[in-house]
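The values are calculated or read from the model by the stated rules, or taken from the named source; none is laboratory data. This structure is a prediction, so every number in the text was calculated from the model and none was measured. In this analysis, Cβ positions are derived from the backbone assuming ideal geometry, glycine residues included, and neighbour counts consider all displayed protein chains.
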Amino acid sequence: MANLAGGPTAGTVKGEQSVMNVMNRQELLEMAQSELDRQNTFRCRLLICASTPCISSGALAVEDAMRKAVEAEGLQTEIEMVGTGCLGPCSRGPLVTVQVQEEPDVIYERVTVELAPQILAKHLKGASVPELDARMLSYDWPFFAKQKKLVLSESSTLNPERIESYVARGGYMALGQVLREMTPEEVCAEVAKSGLRGRGGAGFPTGLKWDMVRKAPGERKYVVANGDEGDPGAYMDRTLMESDPQRVLEGMAIAGFAVGAEQGFIYVRGEYPLAAKRLEKAIRQAERRGLLGSRILDSKFNFRIDIRMGAGAFVCGEETALMQSIMGRRGQPVPRPPYPANRGLWGGPTLINNVETFGNIICIILKGADYYASFGTDKSKGAKIFALAGKVNNTGLIEVPIGITLREIVYEIGGGIRDCRPFKAAQTGGPSGGCIPAEHLDAQMDYETLQKLGSIMGSGGLIVMDDQSCMPDVARFFMEFCMDESCGKCGPCRGGTVQMHRILSKITNGSAIMEDLDTLEDLCLLVKETSLCGLGNTCPNPVYSTLRYFREEYESHIKDHYCPAGVCQFTEKPLRSA
Amino acid sequence: MSVVTLTIDDKLVSAPANTSLLSSIQEQGIDIPTLCHLKGLSERGGCRLCVVEMEGNPRLFASCVTPVAEGMVVRTNTAKLLKYRQMMIELLMAQRNHVCAVCVQNGHCELQTLAAKLGVTSVRYDYMCPDLPMDASHERYVIDHNRCILCARCIRVCDEVEGAHTLDMGGRGVQSRVIAGMNQPWGTSRSCTGCGKCVQVCPTGALFKKGSSAAEMVKQHDFLTWILDGREKKIWHWR
Amino acid sequence: MGTSQKNNGDNERDPRYKGLDRVLKRLQFQQSGLIEVLTSAQEAFGYLPEEVMIYIATQLKLPFSWVYGVATFYHFFSLKPQGKHTAIVCLGTACYVGRSSEILDAISKEYDLDPGQTTPDGELTLSTARCLGCCGLAPVVVFDNQILGQEAPETTVEKIKEVVGGKIPAKAVSSC
Amino acid sequence: MATSTNSKARLATVWLGGCAGCHMSLLDLDERIVDLLALVDLVYSPVADIKKFPEGVDVTLVEGACCNSDNIHMAREIRLKSKQVVSFGDCAITGNVPGMRNRLKVENILSEVYADGPGPAPPAQGGLPVLLAKVLPLHQVIPVDVYLPGCPPSPERIWLAVTAMLKGEPVELPAEMRTLG
């Protein structure tokens, strides 16, 4: 982490500047071709998922075992081993994909160190390994088949630590096209036409935001990618940054061109060292090849990207707090207006988009706004990445067209609830979102519908709960989170979260009275309507939505000291009876 | 300077563009509660007491940080706003140990006065009773964290008017606390000039002069506008 | 300005200050680099001692209270020395649903520690995290940078006792 | 409500954890005490020697916070037997000065005062009410109808509130008469 990022004026390290050269479109195409040629020299490619979930379930040891097997057989020139980005079914890691020329790809789940050499035996020598056959994942499996990968399209096959790998799959072609053929107005218009909306949660139309920054007067403008993904249970941005960092950088560069910025920052959550490491490497590789930095792709466009690391503050996901943090201050939100689009970092107009939003840009430019807009609903276009977790059979990272129903996600992609228990609710949007009960299983997952149901799309956390989850306890859990993460600047959020948490604790420990429910509801409204920033405005959602759909569960806690899910221990008694 | 017209509580008024809604409201003689706002200091927008309803917008707006705009229709005193303001005051009172009876500023306290004005005669929330210290290490002043409402007026005046920046906010959330220097005893901070501006702008009994006893501390902050006016117009230059 | 700058003499000799100087220089002593400087300082010193923060404040020409305010806003920074070993219990949603709070309680009871505290002998620091992104392995505990997945209160305490009992050194395998 | 032979309202005043200052302020009504007694029967009060809290009280003024188990018990009895309960003064409303111990642990206070201090520690058992972990305002123990702030509330406040209640009117003190402290 020591050599990340400089200030807005910090130059690159001297040694690197000297090797930095300018690359034109022809050279880019040549680079892609030579990488493809190189890859074709291998008879077999072993793709090992090297994103955090797989690593933590032992992918590195598996890779090691496979490498030893390859070396033992002397097959280094025939077999290429690649650490790739995320495949999706994270709970089934480590995942290994085998690509043998002229044969369909095969994916294995839960590969162990013992099984690793067996993969070689099976695919190169035709040995029969029933244990492996049992761990084969089919592409027809609904988990894969139901998805529509627009952003994560390449992440499972490319090597996030090599820019050649990205370029070979069409990387930086979009930036090249934009620089060569389009004006900034046209880029903004194209993005607007695609109907892309901010993936950070609020769903503001991206094209409109870009155009606002483009039009804002100001000498120095900035582009910021928000990778401070703080929702517990959500890891879409981390996966994207780890799996396909160049895609994010290219999207940012296109945004820089569109709004007239020469400096970008990518703000990475402090808990994501691997993402930061890969982004750092990606930036260095892109700069060395003239795909970032000065005179990009032999044009007049200059764009630098620096990484800024968060240091453990959820509120820094809020755009004004994030800017404070980038400037090295306490990450406390500041009142808007002025909006960042007019006055942001160091007073300059600043474009802030979520990392995933930038990930969508390449698809829009290369395949066209119309293609992109063919996915999704009337008002919400494209696809959205969700982190599917909780009590479903298949957990992991999924990208689905917006407008898919919750039922399809839970019962088809997710493979239903574990142990065939009943579905109780799905929590979307983390601590800013709400719970969707079973009666709305057929609701479409889009910005408007979710909002109507009292939840939000959020950044894309999706936690499925069965009848063993206690709603007041879940609400208390999220409120504890918000209480710890409240920055303390504005009164309603600072004091309100603490008091809401206190009441929810009383409900779950048996010392609440019915009057507390009204107090709780009032506090929800107060904090929601009067807080300074988005954290406060949305943090009552988990409470409010569970109160709305599961009120009888709250009442049974209070009146009967009975927790239907069997979670709460009623150790206390109310002080006051009526 | 351009002028905009807006409606405040059914009354058509005009105001210079780029000024705050709060100043327009106050100009109408409307008594709107504020705590973190103080004329002469930058706006923090933290206490949220000055929230108003805006026609055609479901959100509430803190008027101190909302610029006036043409055609705005604003309500400053609805039943909902009163209810929210009461709740905000109660939340503040529950957070620290505000024992008015034994406070140096009893009778002159902005929090106490606002509570009475808004009809807050009891607090419906649990008192949090944090165990907070008092720092009497300064030669002349005392800071009592038990009575602090985190309005940050002291921090702003120290930075913006005195220019010492001895004070700042430490910690986060409900654990936030006004700190001096490296969270060291105030009296040992060498950047403090002992000017006492922080004491004078503090709305509660959190900052007071040493030796004051219950109800003895009366504060005045007109010096602020006076100093700032003088600085801006440079009327005091004796050379 | 502040309490003490008496350590300046030592600073010259302490190589960790040299590393800090390098970071400061690379950032061109820009005040916006404060969080990065603090991060590097914490990496070098294990925590943020007061004299280090005073040094940083002086170098960046920032008020002491400003630096202290930033250092205490972010949860990554610790102003107290950490224990030789650390146990981080994930309290993310998936882990919470998997009852990770019971694991936390078990450790906390075994060593009489609240989250964020260190044992008096400086052996073990117990802390919590909000989602480490290993939701597939929930509930997760990170012990000395080693991820322990699908934990249960008894097994976790056993594993920690093996090491903090002082018998087997923990090995760092991967970071999450 | 148990009816008395005359049509006078039944008033009770109670002294929980407080300094009796509110009762002093009540006595400070001076000659108006006579007017008050013309309107009410004082059926229970620290200034009258009545051992048991009676049934059918119309208005009860409760001074002081709930500091121990006995206070809680008394508060509940008051609520059962009173039509209207008034939090009388800051201690009943906020915990006030007795509540200043809330930031400390009860054990520490007891050892500080008795074990390490001048006096002998009170017997662990033996009829003394148990101190609560936290001093509580009255409304956290029983529902309260009217709040009469002040430390103590001035005789004017008391007069205004009590006469309004006796007339069956809502208590509406002007802003300057409802300050805490």
Report task. Among the candidates A:R308, A:R336, A:R278, single out the residue that is of a type outside the set (S, T, N, Q), outside any loop (DSSP other than H, G, I, E, B) and surrounded by fewer than 24 Cβ atoms within 10 Å (Cβ to Cβ). Result -> A:R278
Query raised in the report: Within segment A:267-282, which residues are more than 14 Å from every other protein chain (Cβ to nearest Cβ) and touching a residue at least 60 places away in the same chain (Cβ under 8 Å)?
Result: A:K281, A:A282
Query raised in the report: Just for helices (runs of 4 or more DSSP H) wholly inside segment A:411-514: which have at least 3 residues that are within 14 Å of chain B (Cβ to nearest Cβ), of a type outside the set (K, R) and within 30 Å of A:G382 (Cβ to Cβ)?
Result: A:471-485
Query raised in the report: From the set of residues in segment C:19-51 that are out of contact with any Asp or Glu (no Cβ under 9 Å at 6 or more places or on another chain), of a type outside the set (G, A, S) and not in a helix (DSSP H, G or I), which is surrounded by the most Cβ atoms within 10 Å (Cβ to Cβ)?
Result: C:L48
Query - Matching residues, segment B:23-68, being in a helix (DSSP H, G or I) and either within 12 Å of another protein chain (Cβ to nearest Cβ) or touching a strand residue (DSSP E or B) at 6+ places or on another chain (Cβ under 7 Å) (or both) - result: B:S24, B:I25, B:S63, B:C64, B:V65
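Going through A:A69, A:A65, A:A10, A:A2 one at a time, which residue ends up being at pLDDT 85 or above and either within 14 Å of chain C (Cβ to nearest Cβ) or within 31 Å of the chain's Cα centre (by Cα) (or both)?
Values: A:A69 fails: either within 14 Å of chain C (Cβ to nearest Cβ) or within 31 Å of the chain's Cα centre (by Cα) (or both); A:A10 fails: at pLDDT 85 or above; A:A2 fails: at pLDDT 85 or above.
Exactly one residue qualifies, and that residue is A:A65.
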**Report entry** Count - residues of segment A:30-80 that are of a type in the set (S, T, Y), surrounded by 23 or more Cβ atoms within 10 Å (Cβ to Cβ) and in a loop (DSSP other than H, G, I, E, B)
**Finding:** 2
Report task. Could you look through segment D:42-53, keep only residues that are surrounded by 17 or more Cβ atoms within 10 Å (Cβ to Cβ) and over 13 Å from D:M74 (Cβ atoms), and pick out the one that is nearest to the chain's Cα centre (by Cα)? Result -> D:S45
Query raised in the report: Do we have any residue at all in segment A:283-302 that's surrounded by 19 or more Cβ atoms within 10 Å (Cβ to Cβ) and within 14 Å of chain C (Cβ to nearest Cβ)?
Result: no
Requested in this report: Name every residue in segment B:220-238 that is touching a residue at least 60 places away in the same chain (Cβ under 8 Å) and part of a helix (DSSP H, G or I), in order of residue number.
Outcome: B:L224, B:T225, B:I227, B:L228
Report task. Would you check which residues across segment B:190-219 are under 27 Å from C:P63 (Cβ atoms), part of a loop (DSSP other than H, G, I, E, B) and polar (S, T, N, Q) and list them? Result -> B:S191, B:T193, B:T204
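Quick one: how many residues across segment B:220-235 are more than 19 Å from the chain's Cα centre (by Cα) and within 27 Å of C:P63 (Cβ to Cβ)? Step through it out loud before you land on a result.
Quick first cut of segment B:220-235, residues more than 19 Å from the chain's Cα centre (by Cα) only: B:229-235.
With the extra rule that they be within 27 Å of C:P63 (Cβ to Cβ), the set shrinks to B:229-232, B:234.
The qualifying residues number 5.
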Requested in this report: Go through (1) touching a strand residue (DSSP E or B) at 6+ places or on another chain (Cβ under 9 Å); (2) more than 9 Å from chain C (Cβ to nearest Cβ) one by one and return the number of the condition B:L167 breaks.
Outcome: (2)
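Given D:G64, D:G99, which one is without any contact (Cβ under 8 Å) to a residue 60 or more places away in the chain, in contact with a strand residue (DSSP E or B) (Cβ under 7 Å, 6 or more places away or on another chain), within 14 Å of chain B (Cβ to nearest Cβ) and surrounded by fewer than 24 Cβ atoms within 10 Å (Cβ to Cβ)? Full working, then the answer.
Numbers: D:G64 fails: surrounded by fewer than 24 Cβ atoms within 10 Å (Cβ to Cβ).
Only one candidate qualifies: D:G99.
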Report task. Show the residue pairs that are 6+ apart or on different chains and have beta-carbon atoms under 9 Å apart, the first residue being within segment A:444-467 and more than 14 Å from A:G198 (Cβ to Cβ), the second being in a strand (DSSP E or B) and among the charged types (D, E, K, R). Result -> A:M445/A:K384; A:V464/A:K424; A:M465/A:K424; A:D466/A:K424; A:D467/A:K424
Query raised in the report: Just a yes or no: is a residue in segment A:123-133 crowded, with 18+ Cβ neighbours inside 10 Å, modelled with pLDDT of 90 or more and away from every other protein chain (no Cβ under 14 Å)?
Result: no
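Out of all the residues in segment C:125-142, which are modelled with pLDDT of 80 or more and surrounded by 23 or more Cβ atoms within 10 Å (Cβ to Cβ)?
The first filter runs over segment C:125-142 and keeps only residues modelled with pLDDT of 80 or more, leaving C:125-129, C:139-142.
Within segment C:125-142, C:L126, C:P139, C:V140, C:V141 qualify.
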Query raised in the report: Going through segment A:140-149 one residue at a time, which ones are without any contact (Cβ under 8 Å) to a residue 24 or more places away in the chain and within 26 Å of A:I364 (Cα to Cα)?
Result: A:A145
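What number of residues within segment A:337-365 satisfy the criterion of being of a type in the set (D, E, K, R) and within 26 Å of the chain's Cα centre (by Cα)?
Count: 1.
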Report summary line: Filter segment D:156-177 for residues that are in a helix (DSSP H, G or I) and in contact with a strand residue (DSSP E or B) (Cβ under 8 Å, 6 or more places away or on another chain); the one that is farthest from the other protein chains (Cβ to nearest Cβ) is D:L166
Query raised in the report: Identify, please: which residue in segment C:57-88 is closer than 20 Å to C:V140 by Cα and β-branched (V, I, T) and is, among those, farthest from the other protein chains (Cβ to nearest Cβ)?
Result: C:T86
Query - Residue satisfying all of: in segment D:128-155; within 24 Å of B:H98 (Cβ to Cβ) and assigned to a helix (DSSP H, G or I); farthest from the other protein chains (Cβ to nearest Cβ) among these - result: D:L138
Report task. Pairs only if they're at least six apart or on different chains, beta carbon under 7 angstrom, first in segment A:152-167 and closer than 13 Å to A:A282 by Cα and without any contact (Cβ under 8 Å) to a residue 40 or more places away in the chain, second assigned to a loop (DSSP other than H, G, I, E, B) and not small (G, A, S); list them, first residue then second. Result -> none
Requested in this report: Would you mind stating whether C:L91 is assigned by TED's automatic domain parsing to the domain that holds C:T128, aliphatic (A, V, I, L, M), modelled with pLDDT under 90 and in contact with a strand residue (DSSP E or B) (Cβ under 9 Å, 6 or more places away or on another chain)?
Outcome: yes
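Hey, can you tell me all the residues within segment A:303-336 that are away from chain C (no Cβ under 14 Å) and either in contact with a Phe, Trp or Tyr (Cβ under 6 Å, 6 or more places away or on another chain) or without any contact (Cβ under 8 Å) to a residue 24 or more places away in the chain (or both)? Steps first, answer last, please.
If we filter segment A:303-336 for residues that are away from chain C (no Cβ under 14 Å), which is where we start, we get A:303-305, A:319-320, A:334-336.
Matches in segment A:303-336: A:V334, A:R336.
Within segment C:89-105, is even one residue among the β-branched types (V, I, T), surrounded by fewer than 23 Cβ atoms within 10 Å (Cβ to Cβ) and within 14 Å of chain A (Cβ to nearest Cβ)?
The initial filter retains those residues of segment C:89-105 that are among the β-branched types (V, I, T), namely C:89, C:93, C:97, C:103.
Going one step further and asking which of them are surrounded by fewer than 23 Cβ atoms within 10 Å (Cβ to Cβ), we end up with none.
The answer is no, given that none of the residues of segment C:89-105 is among the β-branched types (V, I, T), surrounded by fewer than 23 Cβ atoms within 10 Å (Cβ to Cβ) and within 14 Å of chain A (Cβ to nearest Cβ).
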Query - Criterion (modelled with pLDDT of 95 or more, surrounded by fewer than 18 Cβ atoms within 10 Å (Cβ to Cβ) and either touching a strand residue (DSSP E or B) at 6+ places or on another chain (Cβ under 8 Å) or not small (G, A, S) (or both)) met by exactly one of B:R124, B:R140, B:R96 - result: B:R140
